[in-house]
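The values are calculated or read from the model by the stated rules, or taken from the named source; none is laboratory data. The model shown is predicted, which means the values in this text are computed figures rather than measured ones. Backbone-built Cβ (ideal geometry, glycine too); neighbour counts: all protein chains shown.
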There are 2 protein chains.
Amino acid sequence: MGRGHMARRNTNRRVGIADVAEKAGVSHATVSRVMNGNAAVDPGIAARVRAAAVELKYQPNPVGRSLALGKTDTIGIVVPDLANPTFQAILRGLSIAAAQDGYRVLIADSSEVTSEEAILAGEARRRCDGVVLCAPRMGDAELEELAPTLHPLVLINRTTIATNTPSLSVDYGQGIQELAQHLVTLGHRRLAFLSGPEHSASNRQRLVGLDQFRAEHPEIELQMLHGGSNFDSGHESTEAIIASGATGILAFNDLVAMGLLSGLHERGVRVPEDISVTGFDDIPFAKYTTPPLTTAAVPINELGSLAWRRMREQIQQAGETTTQAQDEFPPRVEIRKSTAAPALTPAS
Amino acid sequence: MGRGHMARRNTNRRVGIADVAEKAGVSHATVSRVMNGNAAVDPGIAARVRAAAVELKYQPNPVGRSLALGKTDTIGIVVPDLANPTFQAILRGLSIAAAQDGYRVLIADSSEVTSEEAILAGEARRRCDGVVLCAPRMGDAELEELAPTLHPLVLINRTTIATNTPSLSVDYGQGIQELAQHLVTLGHRRLAFLSGPEHSASNRQRLVGLDQFRAEHPEIELQMLHGGSNFDSGHESTEAIIASGATGILAFNDLVAMGLLSGLHERGVRVPEDISVTGFDDIPFAKYTTPPLTTAAVPINELGSLAWRRMREQIQQAGETTTQAQDEFPPRVEIRKSTAAPALTPAS
DNA sequence: ACGCTCTGAGAAAACGCTTTCTCATGATTC
DNA sequence: GAATCATGAGAAAGCGTTTTCTCAGAGCGT
């Protein structure tokens, strides 16, 4: 009666620690102790408690635990677009690796809306023990400001000036140069780059890489065409590509390349006989296009699991602000069937 | 001093409701009231509190809120394999729809390990306000037993006997029959079905559909070949398919069909001239294979968002155990270029 | 001017757990 | 046999909120 005014709810409530305690004839504290194996508790009592727990099917309430322990065993990931296979693969790798250590992942999709990123990341951080920010589109200044507030943070495809947040990145500049070089080695002299999203840092890196390539190969023509990041944009660029007269096409990524492949096929342009096409990322599908796509492979699966490892390191060494690993992966050119020597008599 | 033995941590702690209360010269309760806009509070005081909140950048701790409110504003989803584009699309649709209502999603990948499903689902449920179980591989009995304990639950690709848990399903049996019919109409007389995972309910539905098809078309030869659910299994089946002598192949899903397409291409078998191939699901890539894949389109994007809608309905009408919607989607045959009339003089 | 209702703010309980503090019991030692 | 110590269990504080309860004071009618 005098137990409190909220006793009414006790009827249809979930079984709690108190129920187990009562059934086992001990206190809450003892139940907690045996559930967590913390302090030494008399084996007999422990057994009694465990029996009561299984009988009542007691499962500790994670929210209560989180509040008491100050951790949620959950990490958040924010991605620009969950439809992108690259991010899907990272998410998957992260999720599986985290699960192995008993962590779960909460997802947030910013749908390429730059202004949402900071908000989503903040919310995720408050709910989770850490956040991985995947290819954020926000500006450098904003990122620099946001990073410290997110602290257990790992960055993918971006870096901060302060080196105390680990980052994972792919050397897109290097990769695109190698692909260009591959085409030149085959004999191509007229190339075109089908560029990606404006705010994508990885797109900028490709452009920088291509600038360098141009400087080293002044004899090669290299056109820049505006594109996007998905099939449809690749497909839509078909006419522009044909009109460009280029024989070697560097697509922003595999998706764009696949869209283009499809468009060229429809137009009766043969790949690689008439035009060579390269992708980027080596998504699982790249191996199965017709023809199989020459691309620069980024270790898409490792990225997710390494992100988790970096996150775990930070969570464990809580507090110590040491400088963190800045991992950079070199892409590996994967030569398949979508590239070949150009026809002997080019159209020009 | 006498405030308690845990006062030490107060230094580097996050700003809490108490800090705001102190700064504004009011009590916690009042801060809570203005933050939640619940009870009426004097406009002057409210303004003061709000000012203090923004100045301190106060953001309520979600774990504390969750404990007090008994809800987490999070739902869980458990999928058999995050690498499967179908599940990725569902996840994405779910996530985006839920986000619109201020909910987040926690993911759990069972990696096709049947025995993990129940555990993952239970854990997810305890952390979240509801769970969507996506194409669970567990047996009917186990599912039936588990369902009530998960309660705000929505099932995808499975149903329970008790109709109080909403389910979303696709009529795979119907879809596969229509695809078979399509092939027959084109003139094919020798078909083969490349089947999927043993424990997949949707695979069983396809088999049932094909049994019916056989009954209605005794004159058609229909072989059953063992396969899997991803490209590689499709690719590996290439030889068996060629050996079968069938001219019309019904692949378990688009992934398998794509693997097969690639394998046939390598072997110099022309599609659709020599062999026709169909997929299932109409994943985004299906439109861009060479040749574009004839398949049965399931409304993959709607599935996720509808799942959220059904979940929301349950969360809102908390308690009332009415019977829930059992949505069934008819697949729509999408005829592309991977199917055509068989050659006039079949090999047999 | 008195008593009544009403508004609104603070005190405190509650959410479900972990962990420190405290103290009783039984074992150990001289 | 008494003092010391180790062991282990219960009481209670604490995690950060929300919400009920309670009550002071303002406004109103008669």
Review point. For residue B:305, which of the numbered conditions (1) within 24 Å of residue B:206 (Cβ to Cβ); (2) modelled with pLDDT of 95 or more; (3) hydroxyl-bearing (Ser, Thr, Tyr) fails to hold?
Key: (1)
Review point. Got a number for residues in the stretch A:16-50 being within 11 Å of DNA strand C (Cβ to nearest atom) and assigned to a helix (DSSP H, G or I)?
Key: 14
Check your understanding: Just wondering, is there one or more residues in the stretch B:318-334 that are crowded, with 17+ Cβ neighbours inside 10 Å, within 13 Å of chain A (Cβ to nearest Cβ) and in contact with a Lys or Arg (Cβ under 9 Å, 6 or more places away or on another chain)?
Key -> no
Practice item. Output yes when any residue across the stretch B:274-282 is surrounded by fewer than 24 Cβ atoms within 10 Å (Cβ to Cβ) and either closer than 17 Å to residue B:235 by Cβ or under 30 Å from the mean Cα position of the chain (by Cα) (or both), and no when none is. Key: no
Point to revise | Number of positions in the stretch A:285-328 that are over 19 Å from residue B:230 (Cβ atoms) and assigned to a strand (DSSP E or B) | key: 6
Practice item. For the stretch B:124-136, indicate whether the set of residues that are charged (D, E, K, R) and touching a residue at least 60 places away in the same chain (Cβ under 8 Å) is non-empty. Key: yes
Practice item. Go through B:221, B:239 for me and flag whichever is modelled with pLDDT of 95 or more, under 21 Å from residue B:187 (Cβ atoms) and not small (Gly, Ala, Ser). Key: B:221
Practice item. Return a yes/no flag: does the stretch A:281-293 have any residue that is outside the structural domain of residue A:134 (by TED's automatic domain parsing) and either under 19 Å from residue A:191 (Cα atoms) or among the small types (Gly, Ala, Ser) (or both). Key: yes
Check your understanding: What number goes with the only condition from (1) more than 11 Å from DNA strand D (Cβ to nearest atom); (2) modelled with pLDDT of 80 or more; (3) outside any helix (DSSP H, G or I) that residue A:13 does not pass?
Key -> (2)
Review point. Do the conditions hold for residue B:187, that is, is it over 25 Å from residue B:281 (Cβ atoms) and not assigned by TED's automatic domain parsing to the domain that holds residue B:83?
Key: yes
Review point. Taking only pairs six or more apart or across chains, which ones have beta-carbon atoms under 9 Å, a first residue in the stretch B:25-44 that is touching a residue at least 12 places away in the same chain (Cβ under 8 Å), and a second residue that is outside any helix (DSSP H, G or I) and more than 6 Å from DNA strand C (Cβ to nearest atom)?
Key: B:31/B:58; B:32/B:38; B:32/B:60; B:35/B:58; B:35/B:60
Revision key, fill the gap. Filtering the stretch B:253-282 down to residues that are free of Cβ contacts under 8 Å to residues at least 60 places away in the same chain and among the aliphatic types (A, V, I, L, M) yields B:258, B:264, B:269, B:275
Review point. Name the residues in the stretch A:170-191 that are among the aliphatic types (A, V, I, L, M) and closer than 16 Å to residue A:219 by Cβ, would you?
Key: A:180, A:183, A:184, A:186, A:191
Review point. For the stretch A:283-294, how many residues meet the condition of being under 23 Å from the mean Cα position of the chain (by Cα) and facing chain B (nearest Cβ under 9 Å)?
Key: 4
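Per-residue answers, yes or no, for (1) away from chain B (no Cβ under 13 Å); (2) under 14 Å from residue A:87 (Cβ atoms):
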{"residue": "A:108", "(1), (2)": "no, yes"}
{"residue": "A:124", "(1), (2)": "no, no"}
{"residue": "A:131", "(1), (2)": "no, no"}
{"residue": "A:144", "(1), (2)": "yes, no"}
{"residue": "A:147", "(1), (2)": "yes, no"}
{"residue": "A:150", "(1), (2)": "no, no"}
{"residue": "A:162", "(1), (2)": "yes, no"}
Check your understanding: Across the stretch A:118-154, what is the number of residues that are closer than 19 Å to residue B:62 by Cβ and of a type in the set (D, E, K, R)?
Key -> 5
Check your understanding: Any idea which of (1) free of Cβ contacts under 8 Å to residues at least 60 places away in the same chain; (2) surrounded by fewer than 20 Cβ atoms within 10 Å (Cβ to Cβ); (3) closer than 28 Å to residue A:271 by Cα is the one residue A:186 doesn't satisfy?
Key -> (1)
Check your understanding: Of the residues B:205, B:181, which single one is surrounded by fewer than 21 Cβ atoms within 10 Å (Cβ to Cβ), under 23 Å from the mean Cα position of the chain (by Cα) and assigned to a helix (DSSP H, G or I)?
Key -> B:205
Check your understanding: When the stretch A:53-98 is examined, which residues are found to be surrounded by 21 or more Cβ atoms within 10 Å (Cβ to Cβ), more than 7 Å from every other protein chain (Cβ to nearest Cβ) and without any contact (Cβ under 8 Å) to a residue 40 or more places away in the chain?
Key -> A:53
Review point. Of the residues A:32, A:110, which single one is crowded, with 16+ Cβ neighbours inside 10 Å, modelled with pLDDT of 90 or more and not assigned by TED's automatic domain parsing to the domain that holds residue A:141?
Key: A:32
